[in-house]
Amino acid sequence: MAGKPSLEAAAGAAPHLPGVYRFMDPSAAILYIGKAVDLNKRLRGHLANPGDERHRIILEKACTVEWTVTRSEVEALVLEADLIRIHKPPYNVRLRQDHRYPFLELTTDEELPRLVVTRNVDPSRDIPRFGPYPDSRTLRSLVEFLQEAFPLRRCRTPEPASRTGRSCLLGQISRCPAPCVSDRGDYPGNVEAVLRILKGDWEGARSGIERRMEESAGAMRYEDAARWRDLLARLDSFGWPAPESAKDRVSRDIAAVRENWGIILQMRSSRFTGVVRLPFDSRWRQAGVPERLSVLLHTYYSETGDIPREILTTEDPADSDMLSRWLADRRKGSVTIHAPARGTGRELVAVALKDLDHFLARLEWKRPGGRAERTKAALEALADMLGLPAPPEWMVALDASTIQGSYPVAALVSFRGGRPDKSGYRRFSMAQGIGRNDPAMIADSVRRFLAGIENGALPDLFLVDGGITQLRAAIAAAGDAADRTLFVAIAKKEEALLCGREERPVSRSPDEPPMRILVAMRDEAHRFVLHYHRTSRSRGEIRSVLDDIPGVGPSLRALLLTRFGSVERLRAVSEEDLCTVPGIGKARAALLRRYIDGWESPEQVRVRGEGDAHRSEGLGAEPVRPSPGGRDGNRDGD
């Protein structure tokens, strides 16, 4: 191995002391940074047992190793994190820092502490800091609750803005306690109450609010009692209940990792109070779960002061003892990190993993990286779920649309390899006679689509939007083709599936990748058919029966309606009255009278669509070229 003698010489000279080491390449660039309780033993261990592929590559590229001695293992842990953040070595796994969540600070280093929401954390300020808060709306609600229950000054400056002896506008409207000009008697107590709540003492906050509500009611200050009652309800709105088996008051966090994401689930006073999900950088595959857990815990707790008494993990993180001592030093109290194998702790870990799994499922179709791999895996899972012999290569989805029987249309979308294939999209116009019969529309579309398929190639999966009635209609229309193509119906509300001639029910979570493919196909077919239906309606028009009378054009129709007001009044006029309209003589008046006498109702209104004039040819303005089987050949490449 190139460079190994120099590595062995450097490792042999390392002291038996705690510290941080750095593997360097020939250009003096840092490849990897690590920490050790005993630098000599750790470096000799690297050389004697390279371990995984990452460390073998590091040893191949490195030509020397440098180290920095520290006073303790905890100091080595902190220094390692700082050096990784500064140098960003290529073989260290770290959390991605492409976004910053807001933190909530209580400025206890000021004479009159205040609550500050910030995204720019100043590590040099030793003040209580809580977060991060991924949901800024929840953070704003929390701050407003704290300010109403235990008011603190709202100035934006470290020192109160008022030096004139008068309170600011917020103080005058009772939105600020104005400690700069009034008695500060309750102010230190409010600061302590806010700090206790932010540290997780929700039960203490509830007891205090209930006590004040009862005192106000006893003194007949009912408006104050109602205010405390409302604050109590708002307090209960934060977070969500933990399992019954975990109804204790221990402050704990649950940490877990899945793929390139980590999660911290916060639990205070037997309630889940928040969840933080953080992504790893692109090198996450290089590290195992213990190392990723260690990176997650150290990075997260290095920025927040909200450190619990207990941390539960899926498995023991790397350097667990060192992390515990570092966290205990920051918390100024004991901190336990352990991976429960059973009982309540394991149940809480399962809750965190389930939350992270659902989160990753929601991201499945939003992350650009690795989309082909995920789609391939989802198609394989779809084949397993539906009992197909192989992942489906070609899938189609069909939907129909009409409004009370008017403008009946259907549309079919095509997916190849799990992605939309716009060249395979089809549109079908329908005769008015089947506009109120959705299964008949589905059956007609299936017959016309299958009749126009070239070379006898059939889709692997035919998805129909609807229930058992639509499925039966599609299979009946398909005939023998239903033996070579799996027909599946998908219902909108339950997202439940019915498969094949046997109508086998399949029920899965909509978040699962195979279900998301089917839902995406159904939604795309729905979008396409609605667009086609709106286009069809816009090309039609509502017209009165005057349009059916020979010799009556738009100008004469307008004159008649202007003179007589409506078709109903026109029925009551005589031929002599009709002759008073410019352009109407006796012959035309007699013709109009005969048509008017033949009307069955005062005003007949019907819908004229594109298909009225070209029933067998599709849309009038843009006729659909019929195929031998009557299939519409319109395609949509938009």
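The values are calculated or read from the model by the stated rules, or taken from the named source; none is laboratory data. Because the structure is a prediction, the values reported are computed rather than measured. Cβ coordinates were reconstructed from backbone atoms using ideal geometry, including for glycine residues, and neighbour counts include every protein chain displayed. Calculation scope for accessible area: heavy atoms of the full protein, side chains included, ligands and nucleic acids excluded. Shrake-Rupley method; radii C 1.70, N 1.55, O 1.52, S 1.80 Å.
Annotations for the structure displayed:
- With a Förster radius of 30 Å applied to the beta-carbon distance between Ser27 and Ser136, the computed FRET efficiency rounds to 0.10.
- The chain - Rg (one decimal) and Dmax (whole number), Cα, Å: 36.9, 123
- Greater than 28 Å apart at Cα, pairs in Lys354/Lys376; Lys35/Lys332; Lys61/Lys376; Lys41/Lys88; Lys35/Lys247: Lys61/Lys376; Lys35/Lys247
- Gyration tensor verdict on the range 271-357 (Cα atoms; rounded if a/c is under 1.5, prolate if a/b is larger than b/c, oblate otherwise): rounded
- Value at 222 nm in deg cm²/dmol, rounded to 500, when DSSP H runs of n ≥ 4 in the chain each add -39,500 (n - 2.57): -12500 deg cm²/dmol
- Solvent-accessible heavy-atom area per residue, rounded to whole Å², over the chain at 1.4 Å: 50 Å²
- Per-residue SASA remark: Ile30, around 30 Å² accessible (1.4 Å probe; ligands, DNA and RNA not included).
- Between Arg229 and Arg330, the FRET efficiency from the beta-carbon distance, with R0 = 30 Å, is close to 0.20.
- Once the C-beta distance of Glu393 and Arg119 is scaled by a Förster radius of 45 Å, the resulting FRET efficiency is 0.45 to the nearest 0.05.
- Projected label distance in nm at Lys586 and Val69, using a 7 Å step from Cα toward the beta-carbon: 13.0 nm
- Shape of the range 141-277 from the C-alpha gyration tensor: oblate (a/c of 1.5 or more and a/b not above b/c, with a ≥ b ≥ c the square roots of its eigenvalues).
- Span-rule helices in the chain, defined as complete DSSP H runs reaching 30 Å or more along the axis (Cα) with Kyte mean at least 0.0: 343-363
- The range 1-140 shape via C-alpha gyration tensor axes, a/c threshold 1.5: prolate
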